[in-house]
1. Taking amide hydrogens as modeled 1.01 Å from N in the peptide plane, which residues meet the under 5 Å criterion relative to ARG268, leaving out close sequence neighbours?
2. Between ALA51 and LEU90, what is the label-to-label distance in nm when each label sits 7 Å out along the Cα-to-Cβ direction?
3. Taking square-rooted eigenvalues a ≥ b ≥ c of the alpha carbon gyration tensor, is region 29-163 rounded, prolate or oblate, where a/c under 1.5 means rounded and, failing that, a/b exceeding b/c means prolate?
4. With the convex hull built on the Cα atoms of region 123-200, state its orientation-averaged projected area in nm².
5. Based on the mean of other beta carbon atoms within 10 Å per residue, what is the order of 128-137, 75-84, most packed first?
6. Which helices, counted as full DSSP H runs in the chain, have an axial Cα extent of no less than 20 Å and a Kyte-Doolittle average of 0.0 or above?
7. What is the spin-label model distance, in nm, from GLU17 to GLU166 if the labels are put 7 Å beyond Cα along the C-beta direction?
8. Just grab the label-to-label distance for ILE35 and GLN125, each label 7 Å out from Cα along the Cβ direction, in nm (one decimal).
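The numbers here are math on the coordinates, done by the rules we state, and not lab data. Only a predicted model underlies this, so the values are computations on that prediction, with no experimental measurement involved. Neighbour counts run over all protein chains shown; Cβ positions are idealised from the backbone, glycine included.
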Amino acid sequence: MMDLADRIRLRASAAHETRRFFSRRGVVEVQTAVIVQAGVTDVHIESIELADGRFLRSSPEYAHKKLLAAGAGDIYELGPVFRAGECGRLHKPEFLLLEWYRLGWGWSQLADEALALVRLLTPGQHWQTRYVAWQDLVAEVLPFDALEAPFEELSSALDDAPQGLERPELLDWLFASRVQPRLPDHQLTVVFDYPACHAALARLKPGNPKWAERFELFAGSIELANGYRELTDADEQRRRFELDQQRRTALGRRPMPIDDELLRALARLPECAGVAMGFDRLLMLIAGAESISNSGIE
């Protein structure tokens with residue numbers, strides 16, 4: 001295991017190389033507020049509320065989109081984010097997130113750039129690369145169409161899942177428990193075309209709205225990044241936020257305030273794609289550590 005001094009140097013070197021990477025590509029570094037007015041409605045993320053009713057940010061995404069709508073251009077940020085209840089080998093309640101946005105790009109261009117950064121920062125790894133659709137990966141482990149099958153059939157095939165999950169959460173369980181662990185070591189896998197129910201803030205595919213223009217990047221079975229072609233339709237985004245609220249209520253979780261300022265900004269958001277990458281997980285790979293706690297600075 002690396003000692004503290006080695007971890008400090010590793011983290012500093014990786015951050016330096018990341019900033020050089022974006023500087024050469026004309027992407028400008030920004031710093032946005034850590035304390036924000038609204039949390040997120042995403043059922044998979046619990047925001048940390050402060051005593052005054054504000055929140056610690058779970059990502060800089062909303063702030064970045066407001067900057068993009070104001071004409072900031074290509075931007076990135078490397079900084080801390082906070083999520084309640086996250087604990088484990090790959091999770092901490094506070095961790096470093098790298099997030100960036102590219103104007104006029106689609107998701108595949110951004111995925112290529114994310115791969116280039118990972119390869120730059122892990123020169124000792126001999127990565128293979130695979131691009132594969134979500135549907136094709138799921139078909140390798142399930143003998144029927146997970147999106148079209150009766151709910152009872154899907155639920156029966158995933159009888160180890162927690163009780164009370166709806167189809168979107170069952171599909172998450174399916175991927176996390178059956179698909180993700182099978183992703184090969186020494187392979188960078190870009191999974192794309194996620195189900196529309198997992199679109200979050202992504203656009204749906206033109207002409208095929210069953211699927212979202214979203215991708216995730218995995219190093220072996222470890223998820224490193226989540227990105228998409230950004231949705232610019234404020235009415236559709238509000239509908240998704242309200243659906244999140246219904247799911248949160250059904251799961252016994254508190255509904256979260258909706259960021260109306262973000263929705264107003266979406267009307268001015270230029271065509272772009274954005275991605276968030278777990279920097280502590282990337283450091284873990286570089287260090288050959290078993291957990292993100294052993295790759296960071298406690």
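1. Under 5 Å from the amide H of ARG268: no residue qualifies.
2. 3.7 nm
3. On the way: a/c = 1.86, a/b = 1.27, b/c = 1.47.
Oblate shape, in that a/c is at least 1.5 and b/c is the bigger or equal ratio.
4. Working: hull surface 24.3 nm².
It is 6.1 nm².
5. Values: 128-137: 15.0, 75-84: 19.9.
Result, highest mean Cβ count within 10 Å first: 75-84, 128-137.
6. Numbers: long enough: 4-24 (30 Å, -0.70); 107-121 (21 Å, 0.79); 234-250 (24 Å, -2.21).
Both cut-offs are met by 107-121.
7. Spacing of the two 7 Å Cα→Cβ label points: 4.3 nm.
8. Going by the 7 Å Cα→Cβ label model, 3.7 nm.
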